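> Could you have a look at this structure, given as C-alpha cells, before my questions?
The values are calculated or read from the model by the stated rules, or taken from the named source; none is laboratory data. Quick caveat, the model's predicted, so the values are computed rather than measured. Counting neighbours? That spans all protein chains shown, and the Cβs are built from the backbone with ideal geometry, glycine included.
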Amino acid sequence: VSFSDDNSRVSAELPTGETLEILLYGATVISWKDASGNEKLWLSDATKLDGSKAVRGGIPVVFPVFGTAPDHAQASKLPQHGFARTSRWEFLGKSTSESAPGPPAAADLSVKLDFGLSSANLDTKTKSLWPFAFGLIYSVTLNRESLTTSLVVTNDDDKPFDFQVLLHTYLRVKDIAAVSIKGLEGASYIDKVDNASTKTQASTVTIAGETDRVYTPTTPTSEPVSVVEAGKTTFSIVRDSLGNVVVWNPWTDKAAGLADFAPKDGFKNMVCVEPGAVSGFQTLEPGDAFEGAQTITISPR
Ligand code: BG6
C-alpha cells in the first residue's frame, strides 16, 4: 500500500501484480488492473481528479440519494447522487489476508482498504442540506480475480433517517455492440429514458442507444448479473443487501453533453452496472446499521 505525494490517493498491489487505486475524494476507486495490467474500469480522460467535481468513471459512491428527490422531505435539498462522492474521506487502514491457512501462498493474498466518512467530516453547507449524524465505512477488497466494495451506514443520531445507496460502477468493455447483460431476465425496471415507465425485461440486455434503467431483479442477490462480451463472460457481479441494479450508458448525445466525458465515443467502451438500494428509501433507526456490498469477479479475456 502506498500514498501519492500529495496524499490524495491510496494505491495497493498484490504480490501477484493486481493493482488498485483509490482517490480519497469520494473514496472513488479510479483504477483496478489485473495481473497483466489490463484496466477493468472505465475512467473518462476529461474527468476532474482534483476534488472540484465528482469523478466521471471508476466507482463513485452514491449516498444518501440516488439522482435527486425533490419530493422527499429529508432528501430534497441534496445535490444529484448526494454528497459521498464529492466529500473527502479518511483512510482508516489496510488489512491483508490469506484465504487458506498454512504458509502464505501469494495466490491466496488479498488486501482490504477501509475508508470513513461521517457527519463530523462534512462542511457546514453540506451538513445543512442533510442534518443527520451518520457514519460510513467503505471497504474495498482486492483479490486476484475479484473486487469487493462494501458500505456500512450507521445512524449516530437520536432520530431515524432515510437514505438510498448505490455503487456507480463504470465497467470497461471492448465494444458495447458485442455486450449483453445476463441475469436480469424477468426483472421489472423503470425506464428513465421513456418517461420512467415500468417495463419487464424479456431476455438478456443489449445496448444500442441511451440506456438508463433501474432494475429490480426477481432472483436472489447472490445470483450473478453478468457482462458477456462476444459470448464470453467478462464480469460477474453478486450483491449483498442491494436489491436494485441500474444499467446506464449515455450513448452519443448524452455523452456529447457531458463536459467531463471523453473521448466522446468512450460510451462504446463502458457500461455502468450499479448495484444499489434505490427503490424508495431505507429508514435507519438510531443506533442501527445497514451494510450493502458488491463483488465483481473477472474472467481472463
Ligand atoms: C446513473 C443515473 O446512475 O448516473 C443517470 O441513472 C445519470 O440518470 C448517471 O445520468 C450519471 O450521473 P452523473 O450525476 O454522474 O452525471
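> Is it the case that the range 192-202 has a residue that's touching a residue at least 24 places away in the same chain (Cβ under 8 Å) and either within 11 Å of the ligand (Cβ to nearest atom) or of a type in the set (S, T, Y) (or both)? First the steps, then the outcome.
Going through the range 192-202, the residues touching a residue at least 24 places away in the same chain (Cβ under 8 Å) turn out to be none.
No, that holds for no residue.
> From the list S31, S11, which one is touching a residue at least 24 places away in the same chain (Cβ under 8 Å), outside any loop (DSSP other than H, G, I, E, B) and touching an Asp or Glu at 6+ places or on another chain (Cβ under 8 Å)?
Details: S11 fails: touching a residue at least 24 places away in the same chain (Cβ under 8 Å).
Selected residue: S31, the only one of S31, S11 that is touching a residue at least 24 places away in the same chain (Cβ under 8 Å), outside any loop (DSSP other than H, G, I, E, B) and touching an Asp or Glu at 6+ places or on another chain (Cβ under 8 Å).
> Could I ask something else about it? Looking at (1) assigned to a strand (DSSP E or B); (2) more than 15 Å from the ligand (Cβ to nearest atom), can you tell me which one P220 breaks?
(1)
> Does S128 qualify as being away from the ligand (no atom under 16 Å from the Cβ) and under 20 Å from H72 (Cα atoms)? Please lay out each step first, then the result.
Details: away from the ligand (no atom under 16 Å from the Cβ): yes; under 20 Å from H72 (Cα atoms): yes.
Yes, satisfied.
> I'd like to check something: does the range 132-147 contain any residue that is within 16 Å of the ligand (Cβ to nearest atom) and either over 30 Å from K232 (Cα atoms) or at pLDDT below 95 (or both)? If you could, list the steps in order and put the result at the bottom.
First, pick out the residues of the range 132-147 that are within 16 Å of the ligand (Cβ to nearest atom): none.
Among the residues of the range 132-147, not one is within 16 Å of the ligand (Cβ to nearest atom) and either over 30 Å from K232 (Cα atoms) or at pLDDT below 95 (or both), which makes the answer no.
> Still on this structure, I have one more. Mind listing just one residue for me: the one in the range 80-119 that is assigned to a helix (DSSP H, G or I) and modelled with pLDDT of 95 or more and, of those, surrounded by the most Cβ atoms within 10 Å (Cβ to Cβ)?
Just the residues of the range 80-119 that are assigned to a helix (DSSP H, G or I), to begin with: 84-86, 106-108, 119.
Imposing the further condition that a residue be modelled with pLDDT of 95 or more reduces the set to 84-86, 119.
Values: A84: 24, R85: 21, T86: 18, S119: 16.
If we take residues in the range 80-119 being assigned to a helix (DSSP H, G or I) and modelled with pLDDT of 95 or more, then A84 is surrounded by the most Cβ atoms within 10 Å (Cβ to Cβ).
> Also: Any residue in the range 32-46 that is within 15 Å of the ligand (Cβ to nearest atom) and not hydrophobic (A, V, I, L, M, F, W, C)? Steps first, please.
Within the range 32-46, the first condition is being within 15 Å of the ligand (Cβ to nearest atom), and the residues that meet it are 41-44, 46.
Filter once more, keeping what is not hydrophobic (A, V, I, L, M, F, W, C): 44.
Looking through the range 32-46, at least one residue is within 15 Å of the ligand (Cβ to nearest atom) and not hydrophobic (A, V, I, L, M, F, W, C).
> Tell me the residue from S188, S197, S203, S299 that is within 30 Å of S139 (Cβ to Cβ), surrounded by fewer than 21 Cβ atoms within 10 Å (Cβ to Cβ) and of a type outside the set (V, I, T), please. Outline the logic, then answer.
Working: S188 fails: within 30 Å of S139 (Cβ to Cβ); S197 fails: within 30 Å of S139 (Cβ to Cβ); S203 fails: within 30 Å of S139 (Cβ to Cβ).
Selected residue: S299, the only one of S188, S197, S203, S299 that is within 30 Å of S139 (Cβ to Cβ), surrounded by fewer than 21 Cβ atoms within 10 Å (Cβ to Cβ) and of a type outside the set (V, I, T).
> For the range 71-80, indicate whether the set of residues that are of a type outside the set (S, T, N, Q), free of Cβ contacts under 8 Å to residues at least 12 places away in the same chain and either in contact with an Asp or Glu (Cβ under 8 Å, 6 or more places away or on another chain) or away from the ligand (no atom under 13 Å from the Cβ) (or both) is non-empty.
First pass over the range 71-80, keeping only residues of a type outside the set (S, T, N, Q): 71-73, 75, 77-79.
Going one step further and asking which of them are free of Cβ contacts under 8 Å to residues at least 12 places away in the same chain, we end up with 71, 73.
This time we only want the ones that are either in contact with an Asp or Glu (Cβ under 8 Å, 6 or more places away or on another chain) or away from the ligand (no atom under 13 Å from the Cβ) (or both), so: 71, 73.
Yes, that holds for at least one residue.
> On to the next question. Kindly check whether there is at least one residue in the range 235-249 that is within 16 Å of the ligand (Cβ to nearest atom) and not in a strand (DSSP E or B).
Checked the range 235-249: at least one residue is within 16 Å of the ligand (Cβ to nearest atom) and not in a strand (DSSP E or B).
> Filter the range 277-301 down to residues that are touching a Leu at 6+ places or on another chain (Cβ under 8 Å) and among the charged types (D, E, K, R), then give me how many there are.
Of the residues in that region, 1 qualify.
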